[in-house]
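The values are calculated or read from the model by the stated rules, or taken from the named source; none is laboratory data. If you're wondering where the values come from, they're calculated on a predicted model, not measured in any experiment. Heads up, the Cβs are rebuilt from the backbone with ideal geometry, glycines too, and the neighbour counts pull from every protein chain shown.
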């Protein structure tokens, strides 16, 4: 029994081992088949990726080939163009060479013909001399001298005719060239029509501000007119007041002072004086900045500070109704174009044109000729001699001594003479008003004099410490009499002499 049990147990173990072996074998086989599938899938993916990379590489190769082909075609076309150009140049040179050869042959033929004519002339002269010697009993030398004298007279007439012909041709050509230069200058520079008015408009937030500007019993408006030297017109026009003066600089300052007072809202004599001093200082700085900006735009640095400041002040100066700065810039740009056409120095012509009227910035303060004032200024500050010559030449004080000076003279005439540039009536009015002011300022102890009310009134401020009330009355009569004798004007002019005493002290 025990043997049978042992055998059966061994058999069970063997059978279990076999079953276990079969299970393990089946499990391993399944695992390896799964790994095999994964490996095949990865291999397929790698193969697909390799095919994509290969296709991309082929596309890039084709693109590079197309680009190289295109570049090659461009270079081939450029080479063809160069070859064509070289062929054309070669043909042109060949034709020129052939033309030169023909010209040389013609010259040689003409020289040979002239030699023959000269020989014939000498033979004819000799024969004529012999005939005259036999006919007129003249010696050979006398006959030769007579013939040569006649030949010389005939030749002189022919030479004079030739000279006259070429002089006329040169004159015609010069006129054509001058017209061309002027046409080029005027077409390449198109300036605006220039004109200055005698009034500025000041916009008000409401009509209530008109009463505040006038002030109690007209105190504010009297202070404004006395201090600013302008005529302030308050009429029924809604929302505006007028500032009138022939002096652009005073008018611009007055306009700015009134605008600041209106914005601030505080309008009284003390505040008016304070704002006026501040605006005057601002305008001095502003004029220098404007002159500096002009030089930067034109590229004309360096220049002396005084000339720069005076350039900025020319914005507030007018001549025959034409703004002096606008006229100056127009002349400078026209002169530059004309100098370039004539082979001159463009930059020097531009500088001379810019400074040709610089003296006008001081004529209202100093009087006298703007030509002499401008030339002295430029000479004192080391400007080029051509600049000084242009200042004198544009009014005929000197002859232009360079292309640049001549260009400035022509440009000045163009700028002043074109339609709409100037107004003669306005200039005659402003000249009359300046004369009236100059008469008053020429008297002793006069501090300031302002022509207002369109030139129908002049206000003269005198030194109260040096002039009494009685002397002020006599001064008004004296000024009125001199104006009546020296100035032509319609109607009448009121002379108002103002003597004012102020006492100022401070509580500390």
Inset, instruction - Residues being without any contact (Cβ under 8 Å) to a residue 40 or more places away in the chain and either within 41 Å of the chain's Cα centre (by Cα) or under 12 Å from residue 261 (Cβ atoms) (or both): count how many of those fall in the stretch 211-228. - result: 1
Legend entry - Yes/no for residue 255 being within 26 Å of residue 239 (Cα to Cα) and either in the same structural domain as residue 311 (by TED's automatic domain parsing) or surrounded by fewer than 20 Cβ atoms within 10 Å (Cβ to Cβ) (or both): yes
Inset, instruction - Select from the stretch 436-449 the residues that are out of contact with any strand residue (DSSP E or B) (no Cβ under 7 Å at 6 or more places or on another chain) and either at pLDDT below 85 or surrounded by 17 or more Cβ atoms within 10 Å (Cβ to Cβ) (or both) and list them in ascending order. - result: 439
Legend entry - Count - residues of the stretch 450-459 that are at pLDDT 85 or above and crowded, with 23+ Cβ neighbours inside 10 Å: 1
Inset, instruction - Examine the stretch 475-484 for a residue that is buried (at least 16 other Cβ atoms within 10 Å of the Cβ), outside the structural domain of residue 270 (by TED's automatic domain parsing), under 20 Å from residue 227 (Cα atoms) and modelled with pLDDT of 75 or more, and state whether such a residue exists. - result: yes
